[in-house]
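Input: a single structure, listed below in structure tokens.
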Amino acid sequence: QVQLVESGGGLVQPGGSLRLSCAASGSDFSFALIYWYRQAPGKQREFVAFIRSSGGTRSYAGSVKGRFTISRDNAKNSVYLQMNSLKPEDTAVYFCNAKVGEHDYWGQGTQVTVSS
């Protein structure tokens, strides 16, 4: 089993940066595929980024490619999302998601607001 806790959200001006963290507990974390999703008010949850268990394969939504970087530290049971050049349209609640075999785990989310 895996439990996830996101942190690092907040209010930032357009063009600014934030680093989100997802801290995991549980012995299965190193095997987990990790995703970041986001959900803006009135919109469906959407994929942001993905990283394999080894960290060797990563992928990004087109809207964030080149601005966001996903990484993980299995020794610390943590995943990170570095977000640069933030735009108002990046405003959303960001969720960490772990998939281990048939199991699917979610954190509670962290709010990111990009506004001047």
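Quick look at the numbers
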{"read-out": "Subset tally (residues that are open to solvent by 50 Å² or more (accessible area, probe 1.4 Å) and either farther than 15 Å from Ser17 by Cβ or among the β-branched types (Val, Ile, Thr) (or both)) for the stretch 74-87", "value": "3"}
{"read-out": "Qualifying positions in the stretch 98-116 - farther than 13 Å from Gly9 by Cβ, part of a strand (DSSP E or B) and open to solvent by 30 Å² or more (accessible area, probe 1.4 Å)", "value": "Lys99, His103, Asp104, Tyr105, Trp106"}
{"read-out": "Selection count, the stretch 43-71, where residues are aliphatic (A, V, I, L, M) and part of a loop (DSSP other than H, G, I, E, B)", "value": "2"}
{"read-out": "Residues of the stretch 72-97 satisfying the condition of being at pLDDT below 95, polar (S, T, N, Q) and outside any loop (DSSP other than H, G, I, E, B)", "value": "Asn74, Ser78"}
{"read-out": "In the stretch 45-61, residue modelled with the lowest pLDDT [restricted to those that are more than 16 Å from Ala92 (Cα to Cα) and open to solvent by 70 Å² or more (accessible area, probe 1.4 Å)]", "value": "Ser54"}
{"read-out": "Matching strands (runs of 3 or more DSSP E) fully within the stretch 1-42 where at least 2 residues are open to solvent by 20 Å² or more (accessible area, probe 1.4 Å), out of contact with any Asp or Glu (no Cβ under 7 Å at 6 or more places or on another chain) and of a type in the set (Gly, Ala, Ser)", "value": "18-25"}
{"read-out": "Qualifying residue in the stretch 62-78 (condition: at positive phi and in contact (Cβ under 8 Å) with a residue 24 or more places away in the chain)", "value": "yes"}
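The values are calculated or read from the model by the stated rules, or taken from the named source; none is laboratory data. Quick caveat, the model's predicted, so the values are computed rather than measured. All Cβ positions, even for glycine, are placed from backbone atoms using ideal geometry, and neighbour counts span all protein chains on display. Remember, those area values only see protein heavy atoms, side chains included, never the ligands or the DNA or RNA. Shrake-Rupley method; radii C 1.70, N 1.55, O 1.52, S 1.80 Å.
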